[in-house]
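Trainee: Here you go, one structure.
None of the figures in this text is laboratory data; all of them are computed from the coordinates on show. Just so you know, these numbers come straight off a predicted model, no measurement behind them. Positions of Cβ are backbone-derived with ideal geometry, glycine not excepted, and every protein chain shown enters the neighbour counts.
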Ligand code: ADP
């Protein structure tokens, strides 16, 4: 039968194994104890019966001369008869007795012998011989012993043996569910204790991202399997951290190296554009160069910013700033930028707010959102900005009637270099770094960015910033 995935837990498998093994061990113990006790009790009974038959034979032996007489009369001498009566009738154990001669003549038998009959033929080959037989009073254990010319049979009910075995079975039946409950809960607890470090390793490994590679799973100084696993994972995180640092440094170096040639290219293109002697073709070419160089410079700047944030090299200023003034400036920029694209930009609401933060970075954040809105809204669309003070935080939203973001793209748009398929077709200029940088700036101010988007319909990016970042005194 296939096991459901929810049951495929090491803890459940260990518990099941532990319980099964304990139940099997208990069953084996119960069965072997049962049969051992049975044979022990029968052996004791057999020893008793042997003793009794031997006593009878010993009592009859000195009177062997009377055998002929007894044979003839089919009777025992009276003295022996009363000796036997005294021994067996007065005996509290209630033995069932029969004494016969080899030829079958019965010399003595207790009252309740009648139904047991003569000894089975095969029992006369050994001395003494035992058999379990049925009688109206239930099962009896019979011992047959002989010494010519007498055959002595003594039986005793097996009921005491059966009773003892029944008691034992009852005890095992009561213990069985306790053993199952004990082994299942014990197994569950043991598995939990043994696997607890694995749970904390899983939690920790889940928490590790590119941003907290300095963290390590708390180690155990025990050189067992778990200890080795923790050391191996920590070493792996260490190697990853080293690689990430190298990659970040590499990105930083490349961005730095590219800046100078791009600045030179930009200057040369501007020069060629302005030169009197340049013909139309040269000017057109210079225009294209300038446009591409500006685009490349923006990408390199974004790359440098991102690489520096990841390397922890950017410090955020925390100074009081007039947030509403900053919003208005970004709005005015947006009006300028959108003028050539037939878009209407409106500042719907702008509460006066004094906010503690880094004005240059916050301006960059707002500009990224506004530039995206302009870039991804086709001509004729509209963009609305509104900034509202909401208790201890300010909420600024940039709403557009643009191309919108597909639900499959939404979880990824804040990842560096992620650009949706439609964004590629719609706007050529992007690098896919703007939102990653914006999110970093929002987080650095203790805030968040939320996005809601429909296709068609447009997108709304909302930034929530505490007026006073929580980590400041
Ligand atoms: P890009 O330079 O490509 O604009 P961003 O990081 O700013 O890079 O944005 C990442 C992606 O998010 C964009 O490529 C685009 O797919 C999507 N996006 C961002 N803003 C908008 C918007 N206002 N409307 C539609 N899509 C957007």
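Trainee: May I ask you to order 356-366, 258-268, 451-461, 371-381 by the average number of other C-beta atoms within 10 Å around their residues, highest value first?
Mentor: On the way: 356-366: 20.9, 258-268: 13.9, 451-461: 16.5, 371-381: 19.0.
Ranked from most to least packed, the peptides come out as 356-366, 371-381, 451-461, 258-268.
Trainee: Right, here's the next one. For the pair residue 340/residue 38, report the inter-label distance in nm, with labels modelled 7 Å from Cα in the Cβ direction.
Mentor: Distance between the two pseudo-spin positions: 10.2 nm.
Trainee: If I fit a long axis through the Cα atoms of helix 434-444 and take the longest principal axis of the Cα atoms of the chain, what angle between them do I get, 0 to 90°, rounded to 10?
Mentor: 70 degrees
Trainee: May I ask you to compute the full-extension gain from residue 79 to residue 127, defined as 0.36 nm times their residue separation minus their alpha-carbon distance, rounded to one decimal in nm? Can you show the working numbers first?
Mentor: On the way: separation 48, 0.36 × 48 = 17.28 nm, distance 2.67 nm.
Between residue 79 and residue 127, full extension yields 14.6 nm more.
Trainee: Here's something else I'd like to know. Going by the alpha-carbon gyration tensor, a ≥ b ≥ c the square roots of its eigenvalues, is segment 267-383 rounded (a/c under 1.5) or, if a/c is not under 1.5, prolate (a/b greater than b/c) versus oblate? Numbers along the way, then the final one.
Mentor: Working: a/c = 2.49, a/b = 1.44, b/c = 1.73.
Here segment 267-383 falls in the oblate category.
Trainee: Now for a separate question. Angle, helix 323-338 long axis vs. longest principal axis of the chain, Cα atoms, 0 to 90°, nearest 10?
Mentor: Taking the Cα atoms of the chain, the angle to 323-338 is about 70 degrees.
Trainee: Additional query: Could you rank the peptides 341-350, 392-401 by their average count of other C-beta atoms within 10 Å per residue, with the highest value first?
Mentor: Numbers: 341-350: 15.8, 392-401: 20.2.
Going by the mean number of other Cβ atoms within 10 Å, highest first, we get 392-401, 341-350.
Trainee: Right, next: Taking R0 as 35 Å, what FRET efficiency do you get between residue 318 and residue 462 from their Cβ-Cβ distance, rounded to the nearest 0.05? Don't skip to the answer; put the middle values down first.
Mentor: On the way: r = 23 Å, r/R0 = 0.65.
The pair residue 318/residue 462 has a calculated efficiency of 0.95.
Trainee: Taking the 0 to 90 degree range and rounding to the nearest ten, how far is the long axis of helix 78-89 tilted relative to the main principal axis of the chain, both from C-alpha atoms?
Mentor: Long axis of 78-89 versus the principal axis of the chain: about 20 degrees.
Trainee: List 17, 188, 323, 440 from most exposed to least, where exposure is judged by having the fewest other Cβ atoms within 10 Å. Before the final figure, lay out each step's value.
Mentor: Values: 17 12, 188 17, 323 25, 440 21.
Final ranking by Cβ density, sparse to dense: 17, 188, 440, 323.
Trainee: So what's the Cα pair-distance distribution over segment 298-342, bin width 5 Å, in %?
Mentor: Answer for segment 298-342: a P(r) of 5, 17, 11, 14, 20, 23, 8, 3, 0 percent.
Trainee: If you take the Cα Rg of segment 86-227 and divide it by 2.2 N^0.38 Å, with N the number of residues, what do you get? Could you put the intermediate results ahead of the total?
Mentor: On the way: Rg = 34.7 Å, N = 142, 2.2 N^0.38 = 14.5 Å.
Dividing the Cα radius of gyration by 2.2 N^0.38 Å gives 2.40.
Trainee: In whole angstrom, and with the biggest value first, how far do the Cα coordinates of segment 266-308 range along each principal axis?
Mentor: 43, 13, 7
Trainee: So how far apart, in nm, are the two label points at residue 451 and residue 189 if each is 7 Å from Cα heading toward Cβ?
Mentor: 5.2 nm
Trainee: So if we plug the beta-carbon distance of residue 89 and residue 47 into 1/(1 + (r/R0)^6) with R0 = 30 Å, what FRET efficiency do we get, rounded to 0.05? Don't skip to the answer; put the middle values down first.
Mentor: Working: r = 22 Å, r/R0 = 0.75.
After rounding to 0.05, the efficiency reads 0.85.
Trainee: For residue 236 and residue 202 in the same chain, what is the full-extension length gain: residue separation times 0.36 nm, less their Cα-Cα distance, in nm?
Mentor: Values: separation 34, 0.36 × 34 = 12.24 nm, distance 1.45 nm.
Residue separation times 0.36 nm, minus the Cα-Cα distance, leaves 10.8 nm.
Trainee: Hull surface divided by four, with the convex hull built on the Cα atoms of segment 164-292: how many nm²?
Mentor: On the way: hull surface 62.4 nm².
Seen from a random direction, the Cα hull of segment 164-292 projects 15.6 nm² on average.
Trainee: Right, another one. Over all Cα pairs of the chain, how is the pair count split among 10 Å bins, expressed in % and running from 0 up to the last occupied bin?
Mentor: 3, 12, 14, 11, 9, 7, 6, 5, 5, 5, 7, 7, 5, 3, 1, 0, 0
Trainee: Okay, moving on. Per DSSP H run of n ≥ 4, the term is -39500 (n - 2.57); total these for the chain, divide by its residue number, and report the mean residue ellipticity at 222 nm rounded to 500 deg cm²/dmol. Walk me through the intermediate numbers first.
Mentor: Working: 10 runs with 251 residues, N = 473.
After summing the helix terms and dividing by the residues of the chain, the value is -19000 deg cm²/dmol.
Trainee: Put a dot 7 Å past each Cα toward the Cβ at residue 61 and residue 408; how far apart are the dots in nm?
Mentor: If labels sit at residue 408 and residue 61, their model points lie 10.5 nm apart.
Trainee: Apply 1/(1 + (r/R0)^6) to the Cβ-Cβ distance of residue 257 and residue 11, taking R0 = 51 Å, and write down the FRET efficiency to the nearest 0.05. Walk me through the numbers before you get to the answer.
Mentor: Values: r = 54 Å, r/R0 = 1.06.
Computed FRET efficiency for residue 257 and residue 11: 0.40.
Trainee: Give the order of 140, 467, 10, 152 when sorted by the count of other beta carbons within 10 angstrom, beginning with the fewest.
Mentor: Details: 140 20, 467 17, 10 11, 152 25.
Final ranking by Cβ density, sparse to dense: 10, 467, 140, 152.
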